Every structure is written in structure tokens, then in C-alpha cells.
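Below: one structure, written as C-alpha cells.
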Amino acid sequence: MQRIVVLTGAGISQESGLQTFRGPDGLWNNEHIEDICTPEGFRRDPLRVDRFYNNLRAGLTAVQPNAAHLALAGLEQAARDGRWQGHLTIITQNIDDLHERAGSHDVIHMHGELLRLRCTGCGATPAWHGDCFPDTPCPACHGPTLRPDIVWFGEMPYHMDTITQRLAACDLFVAIGTSGVVYPAAGFVDSVADHADTMLFNLEARSGPSPFDQTILGPATHTVPAWTQ
Ligand code: BV8
């Protein structure tokens with residue numbers, strides 16, 4: 001039984017039309033990361049942060065999963081059908097729902113999800129598809145205490161226990177479309193080096209020595225389907 005863990009980043013959704021963070025048209029080119037992607041930034045100006053994520057949420061309705069998302073969903077389906085003797089876990093840094101819409105089920109969103117909010121008053125995590133503002137009442141406690149259910153810098157990523165278990169048990173670790181800048185995700189490849197083969201699928205080579213056994217360059221919609229077929 002082959003146990004594969006795939007880590008995805010913004011690059012896997014780029015060909016669906018979603019912006020990456022640090023590329024030529026990266027999201028962080030127009031916004032100061034510390035003003036948007038930190039709890040301090042949200043405390044300082046919740047309306048600015050809500051508007052940023054409202055825009056991303058609105059953009060999600062206009063895009064579709066691409067061939068890379070579909071290829072991973074197909075691999076999971078092959079395991080379910082018994083056509084492949086393996087197990088696939090997707091750990092995604094992405095907050096979009098394109099893996100799920102492509103048909104993947106075993107998806108771990110370590111940085112949260114755009115289509116979910118969290119109430120800092122009662123802890124409710126309602127699904128959310130429209131705009132949210134600082135005075136939008138929580139559907140559970142009705143307090144004006146909703147925030148994006150997204151992991152910001154300085155906050156603990158979600159599901160780290162499960163992630164640690166899956167990484168310890170895998171024999172192949174694959175990273176797709178991530179710049180390897182943000183931890184702890186960027187450190188996963190090192191944590192599996194003693195027991196798993198490692199592959200990086202990316203549009204361009206990263207600077208410096210690569211910790212991956214193999215690097216496959218090119219657009220994910222070409223390289224990932226070629227790998228899973
Ligand atoms: C943590 C939110 C521990 C969602 C994001 C001080 C205090 C605490 C922690 C730290 C600290 N200082 C540093 C840290 C660690 C910090 C960190 O790593 N900082 C970096 C900048 C050095 N990390 C954290 O804070 C994390 N938490 O460490 O907690 C802790 C312990 C105890 C107590 C408390 C805490 C939390 C990190 C999560 C931050 N949230 N986003 C959102 O808004 O989306 S990060 C953000 O970057 C996204 O989540 C994104 O996924 C992530 C990584 O970016 P990428 O996905 O890689 O995207 P990028 O644009 O960079 O690259 C795209 C790649 O795709 C490129 O390489 C490109 O070539 C490629 N590509 C493009 N097109 C294609 C393609 N490839 C293939 N095909 C294509 N078509």
C-alpha cells in the first residue's frame with residue numbers, strides 16, 4: 001500500500017484564475033501582508049480585512065477546478081475503486097474549495113477555509129458564501145464577533161496532529177505549486193526526508209539547494225495529470 005501525502009499551495013489554483021501570493025501578480029504585491037494576514041491587522045482594521053476576504057470569496061464563485069485538482073481527485077477515486085493500491089492525503093495551504101469541487105474528499109485545510117467564518121464570541125464556525133462585515137451578527141450567538149476562519153501569521157495552523165501522523169506514515173511526499181516560504185508547511189519536506197521520497201511540482205525552480213529528491217517544472221495542469229496517469 002503506497003501512502004502519498006500531497007501538499008498544495010496557491011500555484012495549483014493559479015490556472016483556475018486565482019491569484020498566487022508572491023508571483024508577478026501576487027496578492028501581496030498590492031497589500032501589506034501584516035495588515036491583512038495577522039490577528040493584529042484584523043484588530044486594527046477589521047473592515048479592511050473583511051473586504052479583502054469578501055473579494056477573494058466573490059472571486060471563488062467565478063472559477064472552476066483545473067486539470068491538476070481533477071488529477072488528484074482521480075487518484076483518490078482510483079484508490080476507492082481498488083484500481084490503485086494506495087492512500088492519498090491532500091494537505092492544502094489554500095483556502096479555496098477547488099480540491100473539494102474537483103471531487104477530493106481527504107483534504108486537510110491547514111490554513112483554514114474562505115467559505116467558513118469563526119465566531120470569536122461563541123466559537124461557532126458557520127459556512128459562509130456572501131460578504132461578511134465587522135457588524136455581521138453571528139448566526140449562533142448574534143454577536144458582532146465573526147472573523148474569517150483563516151489561519152493568519154502567528155496563529156497555529158489547523159489539524160497539525162493529523163498532519164504530523166500522515167507525514168510520519170507516508171512513503172511519498174509531493175509538493176505542488178508552493179514557494180516554500182511559509183512554515184510549518186515549508187518544513188514538511190525535511191520532516192519526511194528520512195522515510196519518504198519527495199517530489200516538487202512547480203512552475204519555476206526555487207532559489208537555493210532543493211530539499212526535494214525530484215523537481216518537475218511546468219504548469220501544474222500539465223505536470224500533475226502526467227504524473228497521476
Ligand atoms: C505558525 C492565510 C506557530 C490564508 C497564510 C512569528 C510568530 C509566529 C510564527 C512566525 C513568526 N515568524 C515567522 C513565523 C512563522 C510564520 C512564517 O512562516 N512566516 C514566514 C513568512 C517566514 N508562520 C506562521 O505564522 C504560521 N503559524 O508558525 O504558528 C505557532 C506556534 C505556537 C503558537 C502560535 C503559532 C501560520 C502561517 C499561515 C499564514 N497564513 N495565509 C490566506 O490568506 O490565504 S500564508 C499564505 O502563504 C497562504 O496560506 C499560502 O498558501 C501560503 C504559502 O504561499 P504559497 O501557497 O506557496 O503561494 P506563493 O504565491 O508563495 O507561491 C506559489 C508557487 O506556485 C510559486 O512557487 C509559483 O512558482 C508556483 N506556481 C504558480 N503558478 C503555477 C505554479 N506552480 C505550478 N503551476 C502553476 N500554474
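Taken together, the values in this text are just the output of simple stated rules run on the coordinates, not laboratory data. This structure is a prediction, so every number in the text was calculated from the model and none was measured. Counting neighbours? That spans all protein chains shown, and the Cβs are built from the backbone with ideal geometry, glycine included.
Table for the structure above
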| quantity | calculated |
| --- | --- |
| ³J(HN,Hα) computed for each position of region 126-141 - Karplus, 6.51 cos²θ - 1.76 cosθ + 1.60, integer Hz, glycine/proline x | x, 5, 8, 10, x, 7, 10, 10, x, 9, 5, x, 5, x, 8, 9 |
| Euclidean distance between Cα centres, region 171-192 to region 65-107, Å | 18 |
| Per-residue HN-Hα couplings for region 12-21 [Karplus 6.51, -1.76, 1.60; θ = phi - 60°; Hz; x = Gly/Pro] | 6, 9, 4, 7, 7, x, 8, 5, 7, 9 |
| Calculated SAXS-style log₁₀ I(q)/I(0) at q = 0.17, 0.18, 0.19, 0.27 Å⁻¹ - region 77-125, Debye, Cα scatterers | -0.62, -0.66, -0.71, -1.01 |
| Dipole of the chain [Lys/Arg +1, Asp/Glu -1 at C-beta], most positive-end residue of A62, W84, P39 | A62 |
| Principal-axis tilt of helix 67-80 within the chain, Cα atoms, nearest 10 degrees | 70 |
| Highest-fluctuation residue, V49, V181, V107 considered, GNM on the chain with Cα pairs under 10 Å | V181 |
| Three-way shape label, region 67-178, alpha-carbon gyration tensor, a/c 1.5 | prolate |
| Region 1-98: C-alpha gyration tensor shape, a/c 1.5 cut-off, then a/b vs b/c | prolate |
| Largest-first ellipsoid semi-axes for the chain, taking √(5λ) over the Cα gyration tensor eigenvalues, angstrom | 31, 19, 17 |
| Cα-based helix-to-principal-axis angle, 160-169 vs the chain, degrees rounded to 10 | 0 |
| Cysteines (scope the chain) whose Cβ has no counterpart Cys Cβ under 4.7 Å | C37, C132, C170 |
| Global form of region 144-212, assessed from the alpha-carbon gyration tensor, a/c cut-off 1.5 | oblate |
| Folded to 0 to 90 degrees: helix 46-60 orientation relative to the chain principal axis, Cα | 50 |
| Net +/- balance of residues flanking G218 in space, Cβ distance below 15 Å, scoring K and R +1, D and E -1 | -1 |
| Dipole-positive endmost among W128, Y158, I176 within the chain (Cβ charges, Cα centre) | W128 |
| Amide H partners (placed H, <5 Å) of V63, local residues excluded | none |
